[in-house]
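Worksheet: one structure, shown below.
All of the numbers you see were taken from the coordinates with simple rules; none came from a lab. The model shown is predicted, which means the values in this text are computed figures rather than measured ones. Heads up, the Cβs are rebuilt from the backbone with ideal geometry, glycines too, and the neighbour counts pull from every protein chain shown.
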Amino acid sequence: MSKTRVRFAPSPTGPLHMGGVRTALYNYLYAKQHGGDFILRIEDTDSGRFVPGAEEYIIEALRWCGICPDEGVDAEGHVVEMPSEDHPHAPYRQSQRRTIYREYAEQLVASGHAYYAFDTSAELEKVRAEAESRGETFIYNHLTRGALRNSLTLPEEEVQRLLAERTDWTVRFLMPEGRIVEMDDLIRGHISVDTATLDDKVLWKRADELPTYHLANIVDDHLMEITEVIRGEEWLPSLPLHYLLYEAFGWQDSQPRFAHLPLLLKPVGNGKLSKRDGDKMGFPVFPLRWTSPTTGETSRGYREDGYFPDAFVNLLAMLGWNPGTEQEIFSLPELVDAFSLDKVGKSGAKFNPEKAKWFNREYLRMRPDEELTALFLPILEEKGIRANPNKVQEVVSLIKERATFVQDFWTIASYLFIAPSEFEKYGVKAGAASEKPADPARPVDPRAKVYDDAATAPFLAKDVDKFYKPEIYDAALEALQQAEPEALEDYIREHGMPMGKVMNCIRLALSGASSGLGIADILRFIGKEEGLRRMRYMKERLG
RNA sequence: GGUGGGUUCGUAUAACGGCUAGUACUCAAGAUUUUCAUUCUUGCAAUAGGAGUUCGAUUCUCCUACCCACUACCA
């Protein structure tokens, strides 16, 4: 049994989609579980669609996820340019392997499995348009190839002349007629397809001296000794061609096994997950933030949105795969252990942004306070607050249960650092509204507006009306003056004050809202003097 | 249109052909709490439809419906 070798082979045509990350993840998990290698190969055979920065993005995204290639374009971004003892399979960028492919294309022509085609794009476009006007679909296959310009229909001398003179010819696969291709997929089981329904795919393009995906993919997988091809479902329709190519090369004995992963679908409605859905519903579809070099448009990323990489990996793993147990939280090593292709589902998985947040919440709670404090400190600094790290850690331990992301900490606890400064008896200042896109699945808590700009945070009218009553205020002030934070509750009770009303009146003064942390916790943090100051300030503004 | 794939609560999913179809997220209710959140308890909610095989079908077969992908000198 040869060593397991799998590859992730993205095209650098843009940022890596979360579905792509999942494909990479499953490949990685499979490789590691079988003690094999995970290879990163860049499929940049379409010079026209190359996007600057996309390859770096892919590498960085995988690194952030902790998915490190054993071979190929490595996690440091270094590329092995030449084959060597250590790297017999290099290079790993198809554009750097271009000299390899032509001989394989020629080999197929020589063996009668492929032929030269001289039809120009314009000619084919025309034929296609004509067919369409008749309500038909043009396919370059056994029915039509006889009437087109290629080495099957043209005399030998003409073919040689065109090969020499023209630079826009292609090599096409000669799709056999009347055969049923029998295939096996690790996830879907047995599949068979009649070759009569398939077309003569272009394998190699003279114009840019580069192969198309199909040829490059098969040749490289063979040369790199790939044992399992784990890729997205969108490739299933070309599986028969790939089988036939292995056969044409005489490589069927070492042909890899195939597994086609179900697609990631949009949260609502139908269709696969796209960038649009993320923008519309307010969740990232990319692992990292990406700014398009052409349009300058920026797309949000899971990393910048505050997701932990292990949470992101975990939620991705659970989309289309399940462990067969009720465990939901998995570290990467645990995933390596538990992963199995036969537990991967067949149907597309609708992505649920709510569940994604839930995963991050769980991970945030598992994080040690020190680590969260280290992440919170820079945010405080940005707000112009210099605080004692030990004190901040106290805050963190109080609020981590209430947050989904570290960024939430400020929203939740800003009043521990800045006193509410503005009181509005009626209505909320419009300018304080959140800039964040609405999440239809989880309505924004109107209170969130209060804290967006703590320096001018207004009290919500309903809080004010409900809790600021002169007689309650007097009781609250008295309790605060007389009792230490820890004894406040007892004091209120002993003096027969209405607990809820008094406590909330104090809370209103301290935090600017009717809900939040425990009063004693707040007072312990800001100190009794500051508490009293805030009480007096409230009266000044509302009394 | 053609070809291939798919279909279990709203979502993700579980269930050697055999318990009352389980779990998680969401939502709702209750308990707890000075409020909110947490936590705990409870609840709502599904085998697309129709035939067939079988003692018995979510599971196997066929048909229908619907969904998705592919149908480029893109990957």
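See the values below:
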{"item": "Two-decimal log10 I(q)/I(0) for chain A, as the Debye equation yields it once each C-alpha is a single scatterer, q = 0.10 Å⁻¹", "result": "-0.90"}
{"item": "Shape call, the stretch A:368-414: gyration tensor on alpha carbons, a/c limit 1.5", "result": "oblate"}
{"item": "Linear extension gain, A:Glu132 paired with A:Glu85, 0.36 nm per residue minus alpha-carbon span", "result": "11.6 nm"}
{"item": "Gain on full stretching of the segment that runs from A:Ser121 to A:Asn352 - 0.36 nm per residue minus C-alpha separation", "result": "78.9 nm"}
{"item": "Neighbour-count order for A:Arg134, A:Arg493, A:Arg41, fewest beta carbons within 10 angstrom listed first", "result": "A:Arg134, A:Arg493, A:Arg41"}
{"item": "Proximal lysines relative to A:Lys501, as straight alpha-carbon distance under 24 Å, when same-chain residues fewer than 8 apart are discounted", "result": "A:Lys425, A:Lys449, A:Lys462, A:Lys466, A:Lys469, A:Lys528, A:Lys539"}
{"item": "Cβ-based net charge around A:Leu148, under 10 Å, with every Lys or Arg adding one and every Asp or Glu removing one", "result": "0"}
{"item": "CD proxy at 222 nm, helix term only [per DSSP H run n ≥ 4: -39500 (n - 2.57); per residue of chain A; nearest 500]", "result": "-12500 deg cm²/dmol"}
{"item": "Cα shape, the stretch A:284-376, gyration tensor, a/c 1.5 rule", "result": "oblate"}
{"item": "Order of A:Thr170, A:Thr404 - criterion: other Cβ atoms within 10 Å of each residue's Cβ, fewest first", "result": "A:Thr404, A:Thr170"}
{"item": "Rg over Rh [alpha-carbon atoms, Kirkwood Rh] for the stretch A:95-261", "result": "0.97"}
{"item": "DSSP-defined antiparallel bridges as percent of all bridges, chain A, nearest 5", "result": "55"}
{"item": "Cut-off under 5 Å, modelled amide H: who pairs with A:Trp169 long-range", "result": "A:Arg206, A:Ala207"}
{"item": "Angle between chain A longest axis and helix A:389-399 axis [Cα atoms, degrees, rounded to 10]", "result": "80"}
{"item": "DSSP beta bridges in the stretch A:176-295 [antiparallel fraction, %, rounded to 5]", "result": "60"}
{"item": "Inter-site label distance for A:Ser192 and A:Lys3 at 7 Å from Cα along Cβ, in nm", "result": "3.9"}
{"item": "Percent RCO, i.e. relative contact order, over chain A, from Cα pairs under 8 Å lying at least 6 residues apart", "result": "11"}
{"item": "Rg and Dmax [Cα atoms of the stretch A:1-157; Å; Rg one decimal, Dmax integer]", "result": "20.5, 58"}
{"item": "Ranked A:Trp235, A:Trp64, criterion: other C-beta atoms within 10 Å, fewest first", "result": "A:Trp235, A:Trp64"}
{"item": "Segment A:Glu529-A:Ala110, extension gain: residue separation times 0.36 nm, minus the distance between their alpha carbons", "result": "141.7 nm"}
{"item": "Computed E for A:Gln252/A:Ile180 - FRET, C-beta separation, R0 25 angstrom, nearest 0.05", "result": "0.95"}
{"item": "Label point distance in nm, A:Phe50-A:Glu225, each placed 7 Å from Cα along Cα→Cβ", "result": "3.1"}
